[in-house]
Amino acid sequence: MGLIGDFLEMVGLGGITGVDVLFAAMAIIGTLLFTIYFLLILIGDFTGGLFDFEMDADGVFHLFTIQGLLSFIMMFGIFGLSVSQADQNAFVAIIAGTIAGSFSMYIVGKVFQMMSSLEQDNTVEHSQAIGARGTVYRTIKAGELGQVQVEYQGALRTESAMAKDENLVIKTGKFIKVVDAIAERLIVVPLDINSQEE
């Protein structure tokens, strides 16, 4: 136990024995590994999902990720050692460590779950603009491209557009309706705001 013993001596825990050594080792190793893992995620996700054991299931399974397990080990060791050093017996220390570790694993699991839910697919699907209404941003000349502003996929977007009738000119500021999308271009018709059909 030379290296671990020297380290425990350095942090003021040289006199611990029995189960306290286990708690201290788990606290130190868990904290070190959790910190390294968290730093790797922050500086560019070098892990590339290699250590992500998260399962595609509801309930308790989403907690069993590498970050959740590391946080459990870290908090189990820290709280177990703290309770044990407060002159409590080993059983009480193990129970306290288990509760603290489980709570930590739950919180960390929820935090990482919220972080992953914030990652959105920003792919623009132009077909979702069909039926949207908007205005002409840059005049659509006969048979040529112009630009329109329409709201779809939760955002107001400026897109290239052509009139469905190639002989039609739709001037800036006029209301339009998207009737089709070809590649990244929208096909639009003038919108008669007085028409009941629209």
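General observations
- Taking every residue in region 152-173 that is within 11 Å of Tyr137 (Cβ to Cβ) and pairing it with any residue that is of a type outside the set (A, V, I, L, M, F, W, C) and open to solvent by 70 Å² or more (accessible area, probe 1.4 Å), at least 6 positions away or on another chain, the pairs with Cβ-Cβ distances below 6 Å are Thr158/Tyr137; Ser160/Arg185.
- Answer residue from region 123-133, given it is surrounded by 13 or more Cβ atoms within 10 Å (Cβ to Cβ) and part of a helix (DSSP H, G or I) and is modelled with the lowest pLDDT among those: His126
- Matching residues, region 174-193, being open to solvent by less than 80 Å² (accessible area, probe 1.4 Å) and touching a strand residue (DSSP E or B) at 6+ places or on another chain (Cβ under 6 Å): Ile176, Lys177, Val178, Val179, Asp180, Leu186, Ile187, Val188, Val189, Pro190, Leu191
- Picking from residues in region 153-183 that are among the small types (Gly, Ala, Ser), assigned to a strand (DSSP E or B) and under 13 Å from Thr135 (Cα atoms), the one that is nearest to the chain's Cα centre (by Cα) is Ser160.
- Test: residue in region 107-122 that is farther than 30 Å from Thr35 by Cβ, of a type outside the set (Ser, Thr, Tyr), open to solvent by 70 Å² or more (accessible area, probe 1.4 Å) and under 37 Å from the mean Cα position of the chain (by Cα): yes
The values are calculated or read from the model by the stated rules, or taken from the named source; none is laboratory data. This is a predicted model, so every value here is computed, not measured. Methodologically, a virtual Cβ is constructed for each residue, glycine included, from the backbone with ideal geometry; neighbour enumeration extends over all protein chains shown. Side chains included, ligands, DNA and RNA excluded: accessible areas come from the protein's heavy atoms. Shrake-Rupley method; radii C 1.70, N 1.55, O 1.52, S 1.80 Å.
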